[in-house]
Amino acid sequence: MSLFGFSRVVDRLCHEEAALRDHLPQFRVYDLHDPGRAFVSGWERSPANQYDYQLSLIFPSGYPDEMPLLYILQPRPLYCYDGAQLPELSHSFHTWGSGSNGQTQICHCHRDEWDPWRSCVAVMLRSLLWISLFERHLRTGRTIDDLFEEIERSIT
Amino acid sequence: MNSRFGASGGSSNLSNVLQSIKKVNTSNDALRQERQRLVYNPSTRRFEQVTPAARPEGALDVTQGDLGWGVGPPSAPRIVISPEQVPFRKAPGFCRRVRATVWDHGDVYAIGGYGHEREETVSASICIMNNAGPGSREAVGYADDQMRVLLRGEECDGNARHAEGSVKIEGAWVRADVQFLPGKDALFSRFGGIIETDALDESRVCIVGIGSIGSGVTVELAKAGVTHFILLDDDRLEPGNVSRHVSPISHTGRCKTKSVADLLRDKNPFIHVVTMEMKADWPTVDALRETVRSSDIVVGGLDNHEGRMVLNRVCLDEGKCLLLPGMRRRAYAGQILVVRPGTGPCYGCLIAASPESVRDQEVSSERQARGLGYTDKAVPVEPGLSNDVAPVVTMTTKLVIQHLLQDRATKLRSLDADLIAPLYLWLNRREQDSPFAALSPMGYGVDEMSVLRWYGLPLKRHPSCPCCGDVAKAGPELHTPSAVSALTGEGE
């Protein structure tokens, strides 16, 4: 990464940290002056209080042009309504693989739709929405995608 | 008909001429027999079949071209030789062993330049003969030769006048016409007056994504005289690609890069092509950066947004001009973004200004569809027609050439004032559910926006673009905080 590139990413991370502090203060950017190590992390207690979730947003080397990866570090693994383990790669559950230690990776955005204008606040907002819908899935058995579409219909 | 035939004079013996020609043409015996020639003997005013030793003084050869006059096509095979295969400055007796590609059941034998193992090949020799003495095609070459070319002269100059070709057919040597492919300078000599023939000779163009657009642009640039290419793609040619791709169905299964590289060499044997079978992706960004650094311009004929993001980043960092051509769904429209680092907008600016134009992309292959969807939910493949893609190929080629010739005095300079826009839009049709559905039909009008025309769009550089702008100045645009409560405060 060039000096200009390094400075550009640090500026961006500082901006993200400020925006998170304003809008979602349960999350913060760690190591924000070291783009190679920086990440967002924080805990979220769900509205239905099923679990406490530890979330982490990992910045890849190409950030912000490259999409950051969103993980649920705790609890892990996650289980579905029917007791089966949450599928790693699923359209119905908006999951996109798993981390090296079995963490669930949430599909907050398709890789081919990510754009660098999307802020960390927008991404973490998606994670909160996912948690909310996941907990509703645990009570109703309806898939996250199904519930997501219902919300989309209600707000449009 | 050449002048020698015209020297036959008088119509009194015309029937004799035709009889002689017919006899030669139908039986081919004269051609099959070594040293037998059909000549016009001015002393007797008759056409005669003679051996070289018995050739009358002042006799005129009747060539294969003469035989083609009014009595059917010439029957002699043709041998085509690339300049690099000619053994220049070799002493008489030198013999080069080569493979010749056989085209059209023996109608044409090609040595070098093209062929590339697509057709049958045979053993052949190109031998240097001394000017003195008649020489013999039997006395030179190799025992298993099926084709020989004898070049006469102390220093072969690649001139067909000094070449004698023969092809072995059913065990007998048959005379063949010899044709030398033009040298490097002559290949593009028809451009004289528009651009210098070597104007694009040293330019290096990197094409990332060798699909229907990328492959088309590559071939068009080669035809314009660009001789250094880097082709980058990890995809292979599928039968479904062929209707829009420059490569033929016989190349199915080949890497698109290698297939197109062969097509380029067919166009110009002096071309230099480096192929890289890899995807433009974040994991390959370092290799991509090296490639871009060594190029004069980059064309991103990519079918995915992520690849464009990677190229945009790399070209901005390296200060290289980037063209991003693409088609919208079912190719109802095409667009070309011109990224001029430091002076114009980039792909990030386009996302901010026109996100719908970025999302509305054609899905032209199964592979692309797989990349867009989850494994448990398919995305339909909906490619457009090849002729709908062609205008984008043509315009992209034009923009590349204009960039490469920017410091040269050419007849194309006037286009500089025309091609200033950072974004070009082409409409193939008034697609339903598109922003252009309500356009007036083209008809005879020239004043209103309509289909089948190019439009230069004034896309501005965004001051706080996260890719090319000053992030610290304005920062990325965020979702509104009120959305948080709307989506999460559901009272559960």
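The values are calculated or read from the model by the stated rules, or taken from the named source; none is laboratory data. Quick caveat, the model's predicted, so the values are computed rather than measured. Reconstructed Cβ throughout: ideal geometry from the backbone, glycine too, with neighbour counts over all protein chains shown.
Over 28 Å from residue B:285 (Cα atoms), away from every other protein chain (no Cβ under 11 Å), in a strand (DSSP E or B) and not charged (D, E, K, R): does that describe residue A:53?
Taking the combined requirement at face value, the residue satisfies it.
Please name all residue pairs, on different chains or six or more residues apart, with Cβ atoms under 6 Å, provided the first residue is in the range A:17-39 and is without any contact (Cβ under 8 Å) to a residue 12 or more places away in the chain and more than 14 Å from chain B (Cβ to nearest Cβ) and the second residue is surrounded by 14 or more Cβ atoms within 10 Å (Cβ to Cβ) and among the hydrophobic types (A, V, I, L, M, F, W, C).
From residues that are without any contact (Cβ under 8 Å) to a residue 12 or more places away in the chain and more than 14 Å from chain B (Cβ to nearest Cβ), the pairs are A:30/A:39; A:31/A:38.
Tell me, please, whether a residue that is among the charged types (D, E, K, R), in a strand (DSSP E or B) and buried (at least 17 other Cβ atoms within 10 Å of the Cβ) can be found in the range A:23-40.
Looking for residues that are among the charged types (D, E, K, R), in a strand (DSSP E or B) and buried (at least 17 other Cβ atoms within 10 Å of the Cβ), one finds none in the range A:23-40, hence no.
Go through the range B:240-281 and count every residue that is acidic (Asp, Glu) and more than 19 Å from residue B:292 (Cα to Cα).
Summing the residues that are acidic (Asp, Glu) and more than 19 Å from residue B:292 (Cα to Cα) in the range B:240-281 gives 2.
Looking at the range A:121-142 only, could you name the residues that are at the interface with another protein chain (Cβ under 10 Å from one of its Cβ atoms), more than 9 Å from the chain's Cα centre (by Cα) and not small (Gly, Ala, Ser)?
Across the range A:121-142, the qualifying residues are A:121, A:129, A:131, A:133, A:135, A:136, A:139.
A quick yes/no check of all residues on (1) within 28 Å of residue B:310 (Cβ to Cβ); (2) free of Cβ contacts under 8 Å to residues at least 40 places away in the same chain; (3) surrounded by 15 or more Cβ atoms within 10 Å (Cβ to Cβ):
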position: B:422; (1), (2), (3): yes, no, yes
position: B:426; (1), (2), (3): yes, no, yes
position: B:437; (1), (2), (3): no, yes, no
position: B:442; (1), (2), (3): no, yes, yes
position: B:447; (1), (2), (3): no, yes, no
position: B:450; (1), (2), (3): no, yes, yes
position: B:461; (1), (2), (3): yes, no, yes
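Quick one: is residue A:145 within 10 Å of chain B (Cβ to nearest Cβ), in a helix (DSSP H, G or I) and acidic (Asp, Glu)?
In short, yes.
Given the conditions (1) surrounded by fewer than 22 Cβ atoms within 10 Å (Cβ to Cβ); (2) among the polar types (S, T, N, Q); (3) closer than 19 Å to residue B:422 by Cα, which single one is not true for residue B:312?
Only one criterion in (1) surrounded by fewer than 22 Cβ atoms within 10 Å (Cβ to Cβ); (2) among the polar types (S, T, N, Q); (3) closer than 19 Å to residue B:422 by Cα is unmet by residue B:312, namely (1).
For residue A:89, are the conditions met, namely being touching a Cys at 6+ places or on another chain (Cβ under 9 Å), of a type outside the set (Gly, Ala, Ser) and within 9 Å of chain B (Cβ to nearest Cβ)?
yes
For residues in the range A:56-67 being crowded, with 19+ Cβ neighbours inside 10 Å, in contact (Cβ under 8 Å) with a residue 40 or more places away in the chain and within 14 Å of chain B (Cβ to nearest Cβ), which is farthest from the chain's Cα centre (by Cα)?
A:65
Would you point out which residue out of A:140, A:95 is over 18 Å from residue A:63 (Cβ atoms) and buried (at least 19 other Cβ atoms within 10 Å of the Cβ)?
A:95
For the range A:68-76, check the following and say yes or no: at least one residue is out of contact with any Phe, Trp or Tyr (no Cβ under 9 Å at 6 or more places or on another chain), more than 14 Å from every other protein chain (Cβ to nearest Cβ) and exposed (fewer than 14 other Cβ atoms within 10 Å of the Cβ).
Looking for residues that are out of contact with any Phe, Trp or Tyr (no Cβ under 9 Å at 6 or more places or on another chain), more than 14 Å from every other protein chain (Cβ to nearest Cβ) and exposed (fewer than 14 other Cβ atoms within 10 Å of the Cβ), one finds none in the range A:68-76, hence no.
If we scan the range A:108-118, do we find a residue that is at the interface with chain B (Cβ under 9 Å from one of its Cβ atoms), free of Cβ contacts under 8 Å to residues at least 60 places away in the same chain and touching a Ser or Thr at 6+ places or on another chain (Cβ under 9 Å)?
no
For the range B:328-343, name all the residues that are part of a loop (DSSP other than H, G, I, E, B) and under 31 Å from the mean Cα position of the chain (by Cα).
Those that are part of a loop (DSSP other than H, G, I, E, B) and under 31 Å from the mean Cα position of the chain (by Cα): B:328, B:332, B:340, B:341.
Given the criteria part of a helix (DSSP H, G or I), under 27 Å from residue B:206 (Cβ atoms) and either of a type in the set (Lys, Arg) or at pLDDT below 95 (or both), does residue B:412 qualify?
Taking the combined requirement at face value, the residue satisfies it.
Given the options B:278, B:309, name the one that is within 14 Å of chain A (Cβ to nearest Cβ) and aliphatic (A, V, I, L, M).
Selected residue: B:309, the only one of B:278, B:309 that is within 14 Å of chain A (Cβ to nearest Cβ) and aliphatic (A, V, I, L, M).
Count, please, the residues in the range B:204-228 that happen to be within 16 Å of residue B:184 (Cβ to Cβ) and crowded, with 22+ Cβ neighbours inside 10 Å.
Summing the residues that are within 16 Å of residue B:184 (Cβ to Cβ) and crowded, with 22+ Cβ neighbours inside 10 Å in the range B:204-228 gives 3.
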